[in-house]
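Single-structure report; data block below.
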Amino acid sequence: MVTNIFPNPFRPGAGHMPPYLAGRDKEIQDFEDLLVQEVIVNNLILTGLRGVGKTVLLDTFRPLAIDSKWLWAGTDLSESVSISEEKVVIRLLTDLSALTSSFVISSKEQIPFGFNTSSHIINHYLDYDTLTHLYESIPGLVSDKLKALLELVWHCIRDEGFSGIVFAYDEAQTMSDHAEKEQYPLSLLLDVFQSVQRKDIPFMLVLTGLPTLFPKLVEARTFTERMFRVMFLDRLEESDIKEAILCPIQKAECPVRFTDNAISEIIKSSGGYPYFIQFICKESFDMYLQQIKVSGETHIDYRKAIEDITRKLDNDFFAGRWAKVTDRQRELLQVIANLSNSDEEFSVQEVVAAAKSLPKPFSSSHVNQMLSTLTNAGLVYKNRHGRYSFAVPLLGQYIRRQQKEIIKRKGQLDLFPKQ
Ligand SMILES: Nc1ncnc2c1ncn2[C@@H]1O[C@H](COP(=O)(O)OP(=O)(O)OP(=O)(O)O)[C@@H](O)[C@H]1O
Ligand SMILES: [Mg+2]
């Protein structure tokens with residue numbers, strides 16, 4: 001009954017806008033600063049671990065850009081865009097045409113044959129067909145054609161009073177070059193934007209993705225170091241976590257209140273990571289209402305509650321990822337999870353040293369190779385100083401919980417040995 005009056009406001013989920021976007025004022029201000037560039041010297045990379053809030057922040061930027069008279073193009077980049085240069089062209093033309101298809105680039109009066117028939121105007125729009133036709137008619141390589149086309153598009157719309165166009169692509173870490181197939185879609189994208197920006201055309205790139213994104217761009221084109229401002233989204237600070245928890249329920253009709261004790265448990269268990277905050281708060285909210293319904297009890301033993309929620313989180317968020325890892329990779333990840341610095345960053349040497357006492361230790365080339373496989377699987381990433389971190393927040397804690405669970409179960413088996 002009460003649930004209908006005040007629906008659960010928390011939103012754990014990929015790209016789901018939270019009821020209250022906490023702690024991102026600085027990033028929003030930085031983005032607004034980028035919008036006042038007349039000549040684009042800074043593009044933006046929005047990066048961070050899984051679930052830290054990249055997509056929802058990108059969605060928050062959109063109306064800000066539109067308010068400042070920017071046009072906004074873009075979407076999620078699927079793996080398929082990365083396959084070939086042609087796919088990048090199709091992507092850009094599709095996104096552009098969505099913005100420009102109502103622009104008339106020429107009009108022709110058509111005078112029909114016969115008497116008493118009035119002439120009528122035929123408009124030519126800058127739609128997908130026109131863009132494709134123009135693109136095809138430009139001579140040169142793919143990059144020459146794209147550059148010239150983008151220039152032409154700006155020429156057609158510049159007098160309409162727009163500040164420019166933001167090209168925003170989420171999950172951009174999926175882009176890569178494929179030297180073996182002589183396909184360089186990532187380099188193409190970077191070359192084209194760098195070139196049009198040098199001609200003072202205000203087309204800005206905003207790329208969002210996991211921490212592998214920036215090193216990947218720099219590897220493709222070293223000039224990207226100067227071309228992008230990198231915004232690394234981190235876990236929320238304590239005061240912001242409190243706002244993320246409390247603002248959504250600070251309404252008179254909300255039946256749920258978090259005690260100080262519950263708030264500190266949420267701060268501790270979520271590690272300040274936005275997805276975990278939403279998940280824990282949503283579960284707590286439901287749990288509380290359910291308890292009132294069943295027993296009328298309005299007080300929750302929150303320490304016990306958080307244990308149940310953590311178990312659910314392990315199943316919903318971590319277990320799928322853990323299931324995809326081989327036994328040998330698990331051994332390596334367990335070694336890493338038990339390093340004192342596993343929640344920050346670690347080196348190959350530290351992993352090799354810690355694994356020395358195992359029945360089957362790891363050589364450094366083996367660790368290097370396995371970390372590279374785990375990077376492709378999105379579980380770890382290498383930073384610019386050659387050190388590694390977990391790419392999934394709080395993965396180390398999950399692994400340690402699993403280990404404890406195994407030890408506990410083993411202990412129970414030893415207590416009741418098979419006859
Ligand atoms: N600043 C914030 N305050 C409160 N909740 C937030 C905040 N940012 C994100 N969230 C919540 O965190 C969750 C994850 O957000 P989002 O999908 O944007 O993360 P992401 O970084 O894009 O994740 P992924 O790497 O998986 O694409 C969502 O449930 C969202 O509502
Ligand atoms: Mg996302």
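Annotation for region 267-283: no member residue is of a type in the set (A, V, I, L, M, F, W, C) and either at pLDDT below 95 or part of a strand (DSSP E or B) (or both). Screening Asp234 on (1) more than 16 Å from ligand 2 (Cβ to nearest atom); (2) in a loop (DSSP other than H, G, I, E, B) shows it passes everything except condition (1). For region 325-334, the criterion of being crowded, with 20+ Cβ neighbours inside 10 Å and modelled with pLDDT of 95 or more is satisfied by at least one residue. Would a scan of region 374-388 turn up a residue that is within 30 Å of Glu219 (Cα to Cα), in contact (Cβ under 8 Å) with a residue 24 or more places away in the chain, among the hydroxyl-bearing types (Ser, Thr, Tyr) and assigned to a strand (DSSP E or B)? Checking region 374-388: at least one residue is within 30 Å of Glu219 (Cα to Cα), in contact (Cβ under 8 Å) with a residue 24 or more places away in the chain, among the hydroxyl-bearing types (Ser, Thr, Tyr) and assigned to a strand (DSSP E or B). Contact map, region 296-320: residues that are under 24 Å from Pro255 (Cα atoms) paired with residues that are among the polar types (S, T, N, Q) and outside any helix (DSSP H, G or I), Cβ distance under 6 Å, separation 6+ or inter-chain. No pairs are found. Of all the numbered requirements in (1) surrounded by 15 or more Cβ atoms within 10 Å (Cβ to Cβ); (2) assigned to a loop (DSSP other than H, G, I, E, B), Lys251 misses one, and that requirement is (1). Only strands (runs of 3 or more DSSP E) wholly contained in region 100-200 count here; list those with 1 or more residues that are loosely packed, with under 14 Cβ neighbours inside 10 Å, out of contact with any helix residue (DSSP H, G or I) (no Cβ under 8 Å at 6 or more places or on another chain) and not hydroxyl-bearing (Ser, Thr, Tyr). Fully inside region 100-200 and qualifying: 104-110, 120-125. Screening region 50-63 for residues that are over 15 Å from Phe279 (Cβ atoms) and near ligand 1 (Cβ under 7 Å from one of its atoms) and picking the one that is farthest from the chain's Cα centre (by Cα) gives Leu57. Out of Gly74, Gly13, Gly53, one residue alone is within 16 Å of ligand 2 (Cβ to nearest atom), buried (at least 16 other Cβ atoms within 10 Å of the Cβ) and modelled with pLDDT under 95. It is Gly74.
Scanning region 56-67 for residues that are near ligand 2 (Cβ under 10 Å from one of its atoms) and among the β-branched types (Val, Ile, Thr) yields a single hit, Val56.
The values are calculated or read from the model by the stated rules, or taken from the named source; none is laboratory data. It should be emphasised that the depicted structure is a prediction, and the values quoted were computed from it without experimental measurement. Cβ atoms come from the backbone with ideal geometry, glycine included; neighbour counts cover every protein chain shown.
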